[in-house]
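Inspection log for the structure reproduced underneath, given as structure tokens.
Bear in mind that the values in this text are calculations on the coordinates, not laboratory data. None of the values given here were measured: they were computed from a predicted structure. Here the Cβ positions follow ideal geometry from the backbone for every residue, glycine too, while neighbour counts run over all protein chains shown.
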Amino acid sequence: MATNANWTIIFEDKIITKQSGDAANTSYIISDDSFWSDPKFSNVWAIQHGTSITSDEVEHRDSTPHSSFADANIGDISQFSSRWDSAHLTQLQSNWDNNNEVDEDNNSTETEAEKIARLGARPTSYTS
């Protein structure tokens, strides 16, 4: 498996991991069975993508030799990164929603405007 990839995808576990940049080393389980069961992925075990065209690698479930991402003919990396982005946006929004100034009785002590001033606006999009 290639090293220092931007993306690692493990099909058995339905995990997509962003390996570089903002939120590096963050993994999300993508529970979309219809996506993972697409016939083009039937023999794919794992993907390392984003090192270079010549060292991106797709590992197969059977004895098929490992191949480059391009040669595997399974589509564009965006089909994985867009799902990761969506999961990450959901996490960022949850973090924002749950980051509240509260008193000892767990009652909010700030208005929404004060929260926005402290944290910035609630995230509405994310793109890797």
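Going Cα to Cα from Lys40, which aspartates and glutamates come in below 18 Å? Please leave out same-chain ones fewer than 8 positions away.
Output for Lys40: Glu12, Asp13, Asp32, Asp56, Glu57, Glu59, Asp62, Asp71, Asp76.
Can you compute the FRET efficiency between Ser68 and Arg122 using 1/(1 + (r/R0)^6), with r the Cβ-Cβ distance and R0 = 41 Å? Round to the nearest 0.05. Display every interim value, and only then the final one.
On the way: r = 40 Å, r/R0 = 0.98.
Efficiency, from the Cβ-Cβ distance: 0.55.
With all distinct Cα pairs included, what does the Kirkwood hydrodynamic radius of the chain come out to in Å, to one decimal, could you say?
Numbers: mean 1/r = 0.0600 Å⁻¹.
Evaluated over the chain, this radius sits at 16.7 Å.
Per DSSP H run of at least 4 residues, take -39500 (n - 2.57); add these up for the chain, divide by its residues and hand me the 222 nm value, nearest 500 deg cm²/dmol.
On the way: 4 runs with 36 residues, N = 128.
Helix contribution divided over all residues of the chain: -8000 deg cm²/dmol.
Only residues of region 90-104 count here: report those whose backbone N is under 16 Å from the spot 7 Å along Cα→Cβ of Asp32, or say none.
Hits in region 90-104 for Asp32 at 16 Å: 90-91.
Where a Cα-Cα gap under 16 Å defines reach, which aspartates and glutamates qualify for Lys115, not counting those fewer than 8 residues away within the same chain?
Asp97, Glu101, Asp103
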